[in-house]
Every structure is written in C-alpha cells, then in structure tokens.
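Below is one structure, written out as structure tokens; comments come after it.
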Amino acid sequence: QVQLVESGGGLVQAGGSLRLSCAASGRTFSNYVMGWFRQAPGKEREFVAAISWSGGSTYYADSAKGRFTISREHAKNTVYMQMNSLKPGDTAVYYCAARGGIYYIIDADQWNYWGQGTQVTVSS
C-alpha cells in the first residue's frame with residue numbers, strides 16, 4: 001500500500017500563494033496518477049488537479065486553471081501544487097490522492113489512496 005502525507009497548508013490573505021506538498025511512501029506503481037482534491041464545510045469532495053507519474057500529463061478543474069500548477073519530483077516521491085491568486089472560495093481541506101492506472105478520474109470514490117488532508121484558509 002501507499003501512504004501519502006500532505007503539508008504546506010495554512011492561513012493566507014486573498015491574492016496570496018501557497019505550495020502544497022504530498023510525499024508518498026510504501027509500494028509504488030509503474031503506472032499511476034496522483035492528484036489533489038478539496039472539501040469545504042458542508043460540500044462534497046471536489047477534484048482540483050491531477051498528474052500522471054510517468055508521463056507528466058496534467059489535468060485541472062475549471063476552478064484551478066490559470067491559478068494552480070501541479071508538478072512532480074521523482075527523486076523525492078513527491079507531488080506539489082503551487083496555488084497562486086488564492087480566493088476565499090479556495091478555503092477547504094486539501095487532500096492528496098493516488099490511483100493505479102493511466103487516466104485521471106474526477107470521482108473521488110474511484111481513487112485508492114488518500115492523505116490526511118491539510119487545511120487551507122483564505123481570508124478576504
């Protein structure tokens with residue numbers, strides 16, 4: 001199994017930036033996708049971004065396009081998400097996730113591994 005640990009969350013003013021990190025340990029896959037989801041109070045878990053580990057193809061939700069950038073660093077088994085121009089609507093718990101396969105899937109129920117989450121709060 002794979003263990004995922006997020007870090008980098010915090011409190012930031014609107015317009016500011018944060019970089020989230022997700023460190024993976026344990027069993028790795030030759031073909032898998034890693035991504036970020038978020039969940040605000042009273043709302044369902046929402047897909048934000050994903051990246052294929054080997055190929056580096058990236059995918060973004062409309063809410064993230066142009067503001068968030070997902071990347072990977074193989075040597076550290078780590079995925080990052082740089083978040084710029086943050087808005088109060090970005091406030092949520094952000095979760096790192098992973099699933100075997102080639103394609104990303106926006107349905108959170110179809111992802112196999114999850115981190116504990118890191119809180120991002122954006123003040124107005």
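The values are calculated or read from the model by the stated rules, or taken from the named source; none is laboratory data. Since the structure is predicted, the reported quantities are computational estimates derived from the model, not experimental observations. Please note: Cβ atoms are built from the backbone with ideal geometry, for glycine as well, and neighbour counts cover all protein chains shown. What goes into the accessible areas is simple: the full protein's heavy atoms, side chains included, and nothing from ligands, DNA or RNA. Shrake-Rupley method; radii C 1.70, N 1.55, O 1.52, S 1.80 Å.
The fraction of accessible area contributed by carbon and sulfur in segment 1-54 is 45 percent, rounded to a whole number (1.4 Å probe; ligands and nucleic acids excluded).
Provide the per residue accessible area, probe 1.4 Å, for segment 9-101, rounded to a whole number of square angstrom.
Value for segment 9-101: 47 Å² per residue.
Quickly rank 84-90, 19-25 as a protection proxy: mean count of other C-beta atoms within 10 Å, highest first.
19-25, 84-90
Taking a sphere under 15 Å around the Cβ of Val79 and counting the other residues whose Cβ falls inside, with K and R at +1 and D and E at -1, yields a net charge of +3. Counting only protein chain heavy atoms and rolling a 1.4 Å probe, the accessible areas of Thr91, Thr58 rank, largest first, as Thr58, Thr91.
Each residue of segment 53-64 was assigned a 3J(HN,Hα) from its phi angle through the Karplus curve 6.51 cos²θ - 1.76 cosθ + 1.60 (θ = phi - 60°); the sequence is 5, 7, x, x, 5, 10, 9, 9, 5, 4, 5, 9 Hz, with glycine and proline shown as x.
Only aspartates and glutamates eight or more places from Lys76 in sequence, or on another chain, were considered; those with a Cα closer than 18 Å are Glu6. Between Val33, Val93, Val79, the GNM of the chain built on Cα springs shorter than 10 angstrom shows Val93 fluctuating the most.
Comparing Ala50, Ala98, Ala108 in a Gaussian network model of the chain (Cα springs below 10 Å), the most mobile by mean-square fluctuation is Ala108. Net charge in the neighbourhood of Ala97 (other residues with Cβ under 15 Å of its Cβ; Lys, Arg +1, Asp, Glu -1) is -1.
Note on Thr69 and Asp109: their simple-model spin labels are 3.6 nm apart, each label 7 Å out from Cα toward Cβ.
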